[in-house]
Amino acid sequence: MSSSTQVVVLDNGGGLIKAGFGGERDPSTILPNCLYKPLTSKKWLHPNPINTPSSSSSSSSSEQDLTSASVRRPIDRGYLINPDLQRDIWSHLFTSILRINPSQSSLLLTQPLFTLPSIQHSLHQLVFEDFNFSSLFVADSPSLVHLYETSQRPNGLLSKAQCSLVVDSGFSFTHASPVFQNFTLNYAVKRIDLGGKALTNYLKELISFRSVNVMDETFIIDDVKENLCFVSVDVDKHLNLARKSGKDNVFKCSYVLPDGVTHTKGFVKYPEQASRYLADGKDDIGDHEEISKQQPQDNRHKVDLTKNEFDLTNERFLVPEMIFRPADLGMNQAGLPECIVRAVNACHPHLHPVLYESIILTGGSTLFPHFAERLEKELRPLVPDDYRVKIATQEDPLLGVWRGGSLLASSPDFDAMCVTKAEYEELANSHKWRLGEKVVGVANATSVQMESY
Amino acid sequence: MEEDGSNSNRRTSGRTRKVASKMVAALASSDNRTQAALARLDALENDNAGFEVVDPNLDDDEASLDDDDQVYMQRKQSKGTKRKTRQAKALEARKAPRTFLELLHDANLESLPPHVPTYWKAAVGPPSSTARRHFCTVCGFSANYTCVRCGVRFCSNRCQNVHNDTRCLKFVA
């Protein structure tokens, strides 16, 4: 691939930036979209990229201490509010991680739905004026996810009907968006203002009220959430189970906070204990005995003194629960199942059966165990009897959007769909211009097949 | 002098902006408890925990401490007021990051014709059933009782005692 045709695919999420080159299967880097400042530093630092199987492990050699670090994010509630900060992060990304020359590459950038014109404007400025990309294509994530899934299953219902319902539960919010022939039907998109960030903050609040004050530990609690939280399939039953004491309580598990000396990262104390809930507490009393035998009994009493740890019980499932019932938090918003139903109902009635049958889950917050199960359980009663409900989880919910972008970028008509720098400069002064008009070209991409994998 | 004024103006503006968003919510409801609930929801979207502590960090790009800041300001002032053009002021105003809610307010989406899908119209809207489950703030199980002073939920006498001892009146004061 010559350098002049190189396409950089950038999924600029509120939590993580997924960046790489068009045509590849995995992004070259996944980078937290923030700057952080540890207590020991006066400067804001760039976080290390998160290791993917494909990326080299050289970057992880320098251990970063994220304890009590404060964070600055360029994105608030899903939308870019601080272009200066974003420029900082991007220039770090382009020069030291991806090592590209923007003026010789085109950029495929994801943009959240309903981006305000002023934010779009600042994004264009960033891309063309600050970084000098030769061309830009702005895509929205649901259509990319749809594109990727259709290419994965060329004979499935998804590709035959050319429509799907993409449920994207990310860092900043959760969207249910119907996609029809690679177009997101934006009049039907429904949004819940609740995503991974709010869940982490909620968990922080709960832990700080109940055991240790962790209000400053964004990164640690993120880790707690990712490792210990799960979606409960039957909340009432699980709440009763969580009430039990001692070994009978299958949900109880401890998390050890970093002490800054021997380990700088927190960890789950007994990982096998933490995953006991998967057995669901039905017929596995014997199982519990076995597991509790594995735990070093003598350790139990002294650990409290040497290490800083806290226990979690019902918090583990009450936190992700909020996506299903935001009203419990005091938000005046419907939960995810209802959100899906409303999104479908806003479409043409002919699409309803197909949409219910092709629900795709994507985004980091769908990674909670049992997410799809619970969603199906709650969605089924809301959907007319004669429609089938089928929920597909993506192979890798974090990367689904990026992979769709990579696919689109490798399609032959990609260049034709882009807005070039010259076009931008020509039209930048006339304020009527919107990049969206050029997006019509996406329709051609329907024919893109998986040549590359 | 003028420089000074504009600086202090900029300084306070950050704070008043923050306060302003809360005032709007506060004005919308006369009820203390609603205000507390709204403030809490707002806090869930914060990056850093400190409710107001975040602001100084967000305000200046150079992450300078007070001393450096003073020096920086003085140096800036000594350059004379002549160079303070309108453009420079605009630049400075642009530098202060604005929250998404302010941008949203500026976009004036209400003025668009009703058939155009916008950020506001994409929100799911209220749930069909108003039944809200309440969880005990102390232990997390379903809570049947409400604190008469602050409206927070608790489930039992034991939790009530913990609540009264440690966190009651937290928001109302």
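The values are calculated or read from the model by the stated rules, or taken from the named source; none is laboratory data. Predicted model only: the values in this text are computed from it and were never measured. Cβ sites come from the backbone with ideal geometry, for glycine too, and all protein chains shown count toward neighbours. The area values use the complete protein model at the heavy-atom level, side chains included, leaving out ligands, DNA and RNA. Shrake-Rupley method; radii C 1.70, N 1.55, O 1.52, S 1.80 Å.
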Put B:Trp120, A:Trp44 in order of accessible area, largest first, 1.4 Å probe: what do you get? B:Trp120, A:Trp44
Treating segment A:64-151 as a set of equal point scatterers at the Cα positions, no solvent, please give the Debye-formula log₁₀ I(q)/I(0) at q = 0.15, 0.17 Å⁻¹. -0.69, -0.86
Let me test this: with uniform point scatterers at the alpha carbons of segment A:88-132, what is the Debye-based log₁₀ I(q)/I(0) at q = 0.17, 0.30 1/Å? -0.53, -1.18
Dipole magnitude of segment A:15-156 about its Cα centre, charges +1 at Lys/Arg Cβ and -1 at Asp/Glu Cβ only, in debye to the nearest 20? 220
Starting from the Cα-Cα distance between A:Val212 and A:Asn332, subtract it from 0.36 nm times their residue separation and give me the gain in nm to one decimal. 40.2 nm
Cross-link pairs beyond the 21 Å C-alpha cut-off, checked among A:Lys37/A:Lys269; A:Lys37/A:Lys265; A:Lys252/A:Lys377; A:Lys197/A:Lys269; A:Lys237/A:Lys377: A:Lys37/A:Lys269; A:Lys252/A:Lys377; A:Lys197/A:Lys269
Any chance you could list the semi-axes, whole Å, largest first, of the equivalent ellipsoid that the Cα gyration tensor gives for segment A:215-257, using √(5λ)? 23, 13, 8
